[in-house]
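Shown next, in structure tokens, is the structure this report addresses.
The values are calculated or read from the model by the stated rules, or taken from the named source; none is laboratory data. Because the structure is predicted, anything quoted here is derived from the model rather than measured. A quick note on method: Cβ atoms are made from the backbone with ideal geometry, for glycine too, and the neighbour counts reach across all protein chains shown. Ligands, DNA and RNA are stripped out before the accessible areas are found, and what is left, the full protein with its side chains, is counted by its heavy atoms. Shrake-Rupley method; radii C 1.70, N 1.55, O 1.52, S 1.80 Å.
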Amino acid sequence: MKYFFVIIAAISLLLVSCNYTGWAIIGGVSKKTASKNLAAFLKENYPKLDYKNVKRFFNSGNMNPNMFMAEVYETNRPEISFAVFFDAKKIVGTTDIPSQYLDGPSFSEIYKKQVIHADTMLKLEHQLKEYSVHISTKSYNTLILNFEKETTENEIRLAAEQCIIGLNELSNGLNFHSNIALKIKDTEEKFDWLLFIINRNVDHYTLQSIRCDKESFLFKELKNFSHKYLITQTPEGEALKPQENTLEAVVNPNDYSALSLIQFYDPKTKPNTPKNFIRAIGYKVGKVTVNNRIDLIAQQYHPLPENLGYHQVVLNVYNNF
């Protein structure tokens, strides 16, 4: 029995560490062969498409050592891209790839939807023509409104509103499945910190909130500002500890220079272990203005009710502008 477990452990190590030999033991093809078969499949059936990032997709769910995944895209329209999961042996000589899920869309069906989605996004961009906007995609659910000339706060507001109107008018051709993050990029970099969160409910889109993009330089400044100027104690003088990575900055929809910083606080006696999530005991809202500098207008501490989650707190602050 002792030797049996040693043998099993050795085989497991071989399967994990080897790119080819280990998988060959249990009948799996190599990554090189999988890439070759996928390339042949695309060339024969979908010559406009190419692929990248081939990875083995063997797991406890499929238990198939020949299962791989890759990113497929149109060479002349890279915005048309999607993930494909395929059996590297079964793909040989076929014209389509069935879904790995019951009743899921096949390769050709996903491709058609992505083409329609890309064509619909061009129609959406046409609706924003008067604002000189080009739409690009940063990730599946992140869009960027690229303003091609100097713009104003009101033009950005109107363009974002028109974008939401267009999303609703063209929803039948779109392939979004979650909320959309709408980023701004302007030529003067005055508003490239704005982030519009667009809520998707079935195929109806509404503006959920406007926030300061956490990837922006301004957010880093706001984070440093909050650590320095938001008082870390309750009105009764109890010391508070800022909860890491919970700072949010929401933007007044009627005045982009007015923001509210929302910082959540841990209890003073928080256990020193990252494994235990400790719910914040309260949060502080600091109202600031952002022009050439950041100015603190007011700040107020609020205990966090048991029935109120972090997300709801942020929305409540935004809706109370």
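Restricting attention to the range 260-277, does a residue exist that is at pLDDT 95 or above, among the small types (Gly, Ala, Ser) and buried (at least 18 other Cβ atoms within 10 Å of the Cβ)?
Yes.
Can you list residue pairs whose Cβ atoms sit under 6 Å apart, with the first residue in the range 91-102 being at pLDDT 95 or above and the second being in a loop (DSSP other than H, G, I, E, B)? Count only pairs 6 or more apart in sequence or on different chains.
Final answer for the pair search is 96/106.
Looking only at the range 168-193, filter to residues that are farther than 27 Å from residue 111 by Cβ and touching a helix residue (DSSP H, G or I) at 6+ places or on another chain (Cβ under 7 Å); which one of those is least open to solvent (accessible area, probe 1.4 Å)?
Step by step, filter the range 168-193, then rank; the result is 184.
Any residue at all in the range 148-167 that's among the β-branched types (Val, Ile, Thr) and open to solvent by less than 20 Å² (accessible area, probe 1.4 Å)?
yes
Could you please give the count of residues in the range 46-91 that are exposed (fewer than 14 other Cβ atoms within 10 Å of the Cβ) and β-branched (Val, Ile, Thr)?
1
Among the residues of the range 97-109, what is the count of those that are open to solvent by 50 Å² or more (accessible area, probe 1.4 Å) and either of a type in the set (Asp, Glu) or touching a Phe, Trp or Tyr at 6+ places or on another chain (Cβ under 7 Å) (or both)?
So the count comes out to 3.
Residues that are over 16 Å from the mean Cα position of the chain (by Cα): list the strands (runs of 3 or more DSSP E) wholly contained in the range 143-229 that include at least 2 such residues.
It comes to 204-212.
Pull out all pairs, ordered by first then second residue, where Cβ-Cβ is under 7 Å, the residues are six or more apart or on different chains, the first lies in the range 67-79 and is more than 17 Å from residue 45 (Cα to Cα), and the second is β-branched (Val, Ile, Thr) and open to solvent by less than 30 Å² (accessible area, probe 1.4 Å).
68/54; 69/84
Can you tell me which residues in the range 205-236 are open to solvent by less than 30 Å² (accessible area, probe 1.4 Å) and under 21 Å from residue 266 (Cα atoms)?
222, 225, 226, 230, 234
Quick check: anything in the range 58-73 modelled with pLDDT of 95 or more and over 23 Å from residue 176 (Cβ atoms)?
Yes, there is a match, as at least one residue in the range 58-73 is modelled with pLDDT of 95 or more and over 23 Å from residue 176 (Cβ atoms).
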